[in-house]
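Heads up, the thing below is written out as structure tokens.
The values are calculated or read from the model by the stated rules, or taken from the named source; none is laboratory data. These figures come from a predicted structure and were not determined experimentally. Please note: Cβ atoms are built from the backbone with ideal geometry, for glycine as well, and neighbour counts cover all protein chains shown.
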Amino acid sequence: MNTILEHTHLYFRLVSAGIRAQLQYRFAFVMRIIGMVAAYTGTAVTMWVMLYQFKELGKWNYYELLFLFALAVVSWGFCIILFFHFRSLDTYIVNGTFDRFLVRPLNPFFHFMAMKFDIGAAGQFIFSLFIFVWVSGALGIEWHVGKFLFLLAAVVGGVLVQGGLLVFISAIAFWTTKSERFYWVVMFPARNLTNYPLVIYPKVVQWFTAFVVPFGFVNYLPASVILEKETPYFPNGIGYLTPIVGLVFFVCAYKFWMFGLNRYKSAGS
């Protein structure tokens, strides 16, 4: 217990130092937030244009799609804050600077994770909060304690799923010294799938994104629970498993990362 408390205290000290460093460039910080809000708003407008004639997509209307999208965006925002720098692990390995994480009396994974805390992802939270409030009124969602707590658990599960995939991808660098390209091959397409309900994709894609790379638990399955939508090919209420699936997936990713670390050979400097 003392070790956990010590690591938690140290983590927040490292995070605090990182935040102070980022706020030295306040104009860039603010412009990044504005840019993110504008980019996600553009995607929302694109959805509106797409549904202007057809009204629904896979029996999901525009407001339901917005809720689905906002749920993915908010979990991705936390994922950026905590894990996005993992995609650059290969750069540290090639430059030989990763070795510094091995010579300090800290868990290397924890130390690397705490190295950067990107508060610029606040744009995702602003956009998502606005969408949640707007859509809740438009759809007449009745929020109660249980549903709100499930929303928080779903966000945590989504963060763990997306963060876990980033950790999986970064670990490849321990063998190949190159991993960032896999981000564009795996992570980027997987995230794009979450913009729309899985029901519109072929059955094999739905099952793959539920039981292999569980991005269906990022937003589609938990959103279906909150919005009381049917999920063809999946049991009703499977979205309740989101935090458990996220935790299991992330633990597997962590084990894989540590497995790769045990086979790491320094590239020098």
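Here are a few things to note about the model shown:
- Within the set PHE67, PHE86, the sole residue that is more than 29 Å from TRP48 (Cα to Cα) and touching a residue at least 24 places away in the same chain (Cβ under 8 Å) turns out to be PHE86.
- Those residues of region 85-140 which are touching a helix residue (DSSP H, G or I) at 6+ places or on another chain (Cβ under 7 Å), of a type in the set (Phe, Trp, Tyr) and under 30 Å from LEU227 (Cα atoms), in sequence order: PHE125, PHE127, PHE132
- For VAL103, the conditions (1) modelled with pLDDT of 70 or more; (2) in a helix (DSSP H, G or I) are fulfilled apart from (2).
- Residue, modelled with the highest pLDDT, within region 51-62, restricted to residues that are surrounded by 15 or more Cβ atoms within 10 Å (Cβ to Cβ) and part of a helix (DSSP H, G or I): TYR62
- Helices (runs of 4 or more DSSP H) wholly inside region 170-269 containing at least 1 residues that are surrounded by fewer than 21 Cβ atoms within 10 Å (Cβ to Cβ), without any contact (Cβ under 8 Å) to a residue 24 or more places away in the chain and within 21 Å of the chain's Cα centre (by Cα): 188-193, 203-211, 242-261
- Residue among PHE217, PHE234, PHE249 that alone is among the hydrophobic types (A, V, I, L, M, F, W, C) and in contact with a Ser or Thr (Cβ under 7 Å, 6 or more places away or on another chain): PHE217
- Annotation note: of ILE131, ILE126, ILE80, the sole residue that is at pLDDT 85 or above, touching an Asp or Glu at 6+ places or on another chain (Cβ under 7 Å), in a helix (DSSP H, G or I) and of a type in the set (Val, Ile, Thr) is ILE80.
- Condition met for GLY146 (small (Gly, Ala, Ser) and either exposed (fewer than 15 other Cβ atoms within 10 Å of the Cβ) or part of a loop (DSSP other than H, G, I, E, B) (or both)): yes
- In this entry, GLY120 is excluded by the filter for residues that are of a type in the set (Gly, Ala, Ser), more than 22 Å from GLN162 (Cβ to Cβ) and either in contact with a Lys or Arg (Cβ under 9 Å, 6 or more places away or on another chain) or modelled with pLDDT of 85 or more (or both).
- Some residue of region 63-74 being assigned to a helix (DSSP H, G or I) and charged (D, E, K, R): yes
- Against the criterion of being in contact with a Cys (Cβ under 9 Å, 6 or more places away or on another chain), at negative phi and assigned to a helix (DSSP H, G or I), VAL159 qualifies.
- Looking only at residues in region 185-225 that are in contact with a Leu (Cβ under 9 Å, 6 or more places away or on another chain) and among the aromatic types (Phe, Trp, Tyr), the one that is nearest to TYR63 (Cα to Cα) is TYR196.
- Flag set for ALA122, criterion: over 22 Å from CYS252 (Cβ atoms) and surrounded by 16 or more Cβ atoms within 10 Å (Cβ to Cβ).
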